[in-house]
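Student: Take a look at the following structure, please.
The values are calculated or read from the model by the stated rules, or taken from the named source; none is laboratory data. Model, not experiment: these values are computed from the prediction. Just the protein is used for accessible areas: all its heavy atoms, side chains included, with ligands, DNA and RNA removed. Shrake-Rupley method; radii C 1.70, N 1.55, O 1.52, S 1.80 Å.
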Amino acid sequence: MKGISKELDRARKYVKEAGKEKKQEATPVFHLKAPVGWMNDPNGFSFYQGEYHLFYQYHPYSNKWGPMHWGHAKTRNFVEWEHLPVALAPDQEYDCDGCFSGSAIWDDNKHILAYTSVYIEKADGQASKVHQTQSIAVGDGFDYYKQENGPAISGNMLPKNSSRENFRDPKIWKENDKYYIIVGNRSEDGKGQILKFSSRNLQDWNYEGVLYQASKKIGCMWECPDYFKLNGRQILIFSPQDMQAEGLEYHCGNGSLYFVGREAEGRFLEESGGSLDYGIDFYAPQTVLTEDGRRILIAWMQSWDANIYPPELKWCGMMTFPRELFLEDQIIRQLPAGEIEAFWENEKRYEDVFVEGQVNLPDIRGRALDLTLRLRNMNCSVLEIRLAKRGNHYISIEYDTVRGIFTFDRKFSYCIRDVVNERKILLEPQGGVITMRILLDFYSVELFLNNGEKTLTSTFFMEDGNDEIEFLSFGGSFQMDLLKHDIKAL
Ligand code: FRU
């Protein structure tokens, strides 16, 4: 397809105009959001001609999900993002109901996008059958053109027991001159699975079989797979829908999981795995390999079930701060991408702070900061850290030293919706110490516990002036070391 369609032109013009309006409210300092409108999953996170490109599921015209476009931004340092014109609009018969999630690669001089094209058959004006197919668009980092002959991979290539309606979110890569795509799918018996395809020319694709189906039921449809090597091991990431809670490892609803394993004869063999994040707002993560060989992950920092955005905001949806992945002892650890350090200012350090009752420390306050705590000598039954506090409003991080349970709670953050506000994690101190790195931005908190062994990500909505930080102990005392940096306003 050549030229810019009227749907794409309309979206680009709309964003340009609406995005100009003066900001009414505090916006995140170092988390990506769209200039206006609704954002969900990250898409096409890729390195192309010296920059990192990130696309995202986008409905520019309102702060609610609607016919999906691909929004587009790029960065060199994961902190400063440049917004680019909308990359894809639902403008073809086969994708008129949405350009759903997908991925991208840099191939020769071209930027190749793989996305799910959605078309809903209607009978008597009613939606009757969903068709999800996989399509390719080729671009130059700015404009993208869909392949002339329509979807590259369609439902009729699938075996009978694989859903054609729940068949989405292609992850593309190239290996030894061959292209591969894996796609999330639901099998006839209601299990999630990942299907694999290959091609020599991006036009003609072959079905290669089921890459992976879990031995036990994990939700139903598996969305947004990613597949890559880390430390010589094969990693599979995916986001199941309709999960049931399991201990404190999985919560109900949509989750994001990883498995560590290896591939043999076209099948992924799982060895270990777990949740990628234990917070309320983390979904559909995907990764990019940096120029210097780091594996960086970004996720939609929101959830489908517990969305608490104030309806008056003209935008809805943010991305997590990009995180570097490390694999040690079959466990993935995550830490904020090191680039953030170039944006640190106002360093403040405290050592051996003794907390019994309530402690507030001079200069330890703010709403856009990177704070590391080392909690030790925990001779109390419970300790608590209150962030973004003013009066009776705050978000709470609490550690129950007896049960080894760590609780995040946002219910006192002016929340007026009866949604999930709390999450719990099992967490053991390491050598008597718990380390906690807190990335706090206006509307979000990302916690990296025990050097990133577990992470917890959540949004909350409070005004600018809620910026105190308070440390509390109950039933005894604890000690801590603390290092704080503000993040420079961009
Ligand atoms: C995941 C998801 C994807 C789909 C997209 C639609 O959040 O449901 O499976 O492609 O969102 O916006």
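Student: So what is the relative contact order for the chain, in percent, with contacts set as C-alpha pairs under 8 Å and at least six apart?
Tutor: 13
Student: Could you work out [θ]222 nm for the chain from helices alone, using -39500 (n - 2.57) per DSSP H run of at least four and dividing by all its residues? Round to the nearest 500 deg cm²/dmol.
Tutor: Result for the chain: -1000 deg cm²/dmol, rounded to the nearest 500.
Student: Report the Stokes-Einstein translational diffusion coefficient (µm² s⁻¹, integer) for the stretch 234-390, Rh taken as the Kirkwood radius over Cα pairs, at 4 °C with viscosity 1.567 mPa s.
Tutor: 68
Student: Another one. Mind listing the phi-derived Karplus ³J(HN,Hα) values for the stretch 121-132, rounded to whole Hz, using 6.51, -1.76 and 1.60 with θ = phi - 60°, and x for any glycine or proline?
Tutor: Couplings: 5, 10, 10, 6, x, 9, 5, 10, 9, 8, 10, 10 Hz.
Student: In whole percent, how big is the carbon plus sulfur part of the accessible area of the chain, probe 1.4 Å, protein atoms only?
Tutor: 46
Student: Where a ≥ b ≥ c are the square roots of the eigenvalues of the C-alpha gyration tensor, would you call the stretch 7-128 rounded, which needs a/c under 1.5, or, failing that, prolate if a/b is larger than b/c, or oblate?
Tutor: oblate
Student: Right, something else. Taking only protein heavy atoms into account and a 1.4 Å probe, give the accessible area per residue of the chain in Å².
Tutor: 41
Student: Step through the residues of the stretch 208-216 one at a time and calculate ³J(HN,Hα) from phi using the Karplus curve (6.51 cos²θ - 1.76 cosθ + 1.60, θ = phi - 60°), rounding each to whole Hz and writing x for Gly and Pro.
Tutor: Each residue's phi maps through the Karplus curve to give 9, x, 7, 6, 7, 9, 5, 6, 10 Hz.
Student: State, as an integer percentage, the relative contact order of the stretch 367-430 based on alpha-carbon contacts under 8 Å between residues 6 or more apart.
Tutor: It rounds to 23 percent for the stretch 367-430.
Student: Please compute the Cα-Cα pair-distance distribution of the chain with 20 Å bins starting at 0, giving whole percents from short to long.
Tutor: 24, 56, 19, 1
Student: Tell me, how many Å apart are the Cα centres for the stretch 449-470 and for the stretch 239-282?
Tutor: The distance from the Cα centre of the stretch 449-470 to that of the stretch 239-282 comes to 23 Å.
Student: Rounded to the nearest whole Å³, what is the per residue volume of the convex hull around the Cα atoms of the stretch 114-218?
Tutor: Once divided by residue count, the hull of the stretch 114-218 is 138 Å³.
Student: Here's something else I'd like to know. Treating the stretch 172-275 as a set of equal point scatterers at the Cα positions, no solvent, please give the Debye-formula log₁₀ I(q)/I(0) at q = 0.11, 0.12, 0.22, 0.23 Å⁻¹.
Tutor: -0.34, -0.41, -1.21, -1.29
Student: Using amide H atoms built 1.01 Å from N in the peptide plane, name the residues 5+ places from GLU453, or on other chains, whose amide H lies under 5 Å from its own.
Tutor: Those qualifying (amide H under 5 Å, at least 5 residues apart or on another chain) are GLN334.
Student: Kindly express, to the nearest 10 degrees and within the range 0 to 90, the angle between helix 6-18's C-alpha long axis and the longest C-alpha principal axis of the chain.
Tutor: Helix 6-18 sits at roughly 20 degrees to that axis.
Student: If you plug each phi of the stretch 246-254 into the Karplus form 6.51 cos²θ - 1.76 cosθ + 1.60 with θ = phi - 60°, what whole-Hz ³J(HN,Hα) values come out, in order, with x for Gly and Pro?
Tutor: These are the phi-based 3J(HN,Hα) values: 9, x, 9, 7, 10, 9, 6, x, 7 Hz.
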